[in-house]
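A short worksheet on the structure shown next.
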Amino acid sequence: MLPVFMLFLLPVGGGIPAGVLLARAIGLSWHVTAGLYFVSDVVLAVAFEPVLRLLTTLGRKVRFLARCGAIMSKAMARNSAYFVRTGAGPIALVMIAFGVDPFTGRAMALAAGHGIVAGWGFAIAGDMLYYAVLALTTLRLNSYISDPNRTILIVLAAMALGPMLVRYVRSKLMLPIQ
């Protein structure tokens, strides 16, 4: 179980596909695997929250960090417009965490005024949805390919290229949100 947990602690890259395939190979049920991923999210939250609080405190004193915070607030308002029209409510924050990562989701929740528990709740909920999509995709694809290395490479390529393709298609087919 520890190797699966360690793979899930990787904040970027192939941690989910590799962890899910390893969990299946060593006989872990999907319940235990999802639980390990949830615990890894909680561990990362405990590690990241002090850094976020430090940056927030320094942002009040360091002009460059204050500008970064203002940029994040503007980005939150712009990005959340895709999900809800009134700002960064719970659904928007969950979708930001799903679409970007839980750290960005938590930072956006803090910028929107949500506390630690609610902010991380939204961020982890979005990340667990992302985990579910990626885990199911990885397991289904591996049932057709039967080669874990190729499966991980294909999933990583889809993770990298998928959003770019969606943005391109949306820009060609849809009018911008006003």
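The values are calculated or read from the model by the stated rules, or taken from the named source; none is laboratory data. If you're wondering where the values come from, they're calculated on a predicted model, not measured in any experiment. Glycine also receives a Cβ, built like all others from the backbone with ideal geometry; neighbour counts cover every protein chain displayed. Calculation scope for accessible area: heavy atoms of the full protein, side chains included, ligands and nucleic acids excluded. Shrake-Rupley method; radii C 1.70, N 1.55, O 1.52, S 1.80 Å.
A few notes on this one:
- Extreme residue, modelled with the lowest pLDDT, among residues of the stretch 64-111 that are touching a Gly at 6+ places or on another chain (Cβ under 7 Å) and among the β-branched types (Val, Ile, Thr): Ile96
- Conditions (1) open to solvent by 50 Å² or more (accessible area, probe 1.4 Å); (2) within 16 Å of Ile152 (Cβ to Cβ); (3) of a type in the set (Val, Ile, Thr); (4) assigned to a helix (DSSP H, G or I); number of the one not met by Val12: (4)
- Test result for Ser171, part of a helix (DSSP H, G or I), open to solvent by 60 Å² or more (accessible area, probe 1.4 Å), among the hydroxyl-bearing types (Ser, Thr, Tyr) and farther than 26 Å from Leu28 by Cα: yes
- Taking every residue in the stretch 121-132 that is farther than 11 Å from Arg106 by Cα and pairing it with any residue that is open to solvent by 40 Å² or more (accessible area, probe 1.4 Å), at least 6 positions away or on another chain, the pairs with Cβ-Cβ distances below 6 Å are Leu129/Phe98; Tyr130/Phe98.
To keep it simple, each residue is scored yes or no on (1) of a type in the set (Lys, Arg); (2) at pLDDT 95 or above.
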site: Met1; (1), (2): no, no
site: Val12; (1), (2): no, no
site: Ala18; (1), (2): no, no
site: Trp30; (1), (2): no, no
site: Thr33; (1), (2): no, yes
site: Pro50; (1), (2): no, no
site: Arg53; (1), (2): yes, no
site: Val62; (1), (2): no, no
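- Scan of the stretch 15-29 for residues that are under 17 Å from the mean Cα position of the chain (by Cα) and surrounded by 22 or more Cβ atoms within 10 Å (Cβ to Cβ), ordered by number: Ile16, Pro17, Ala18, Gly19, Val20
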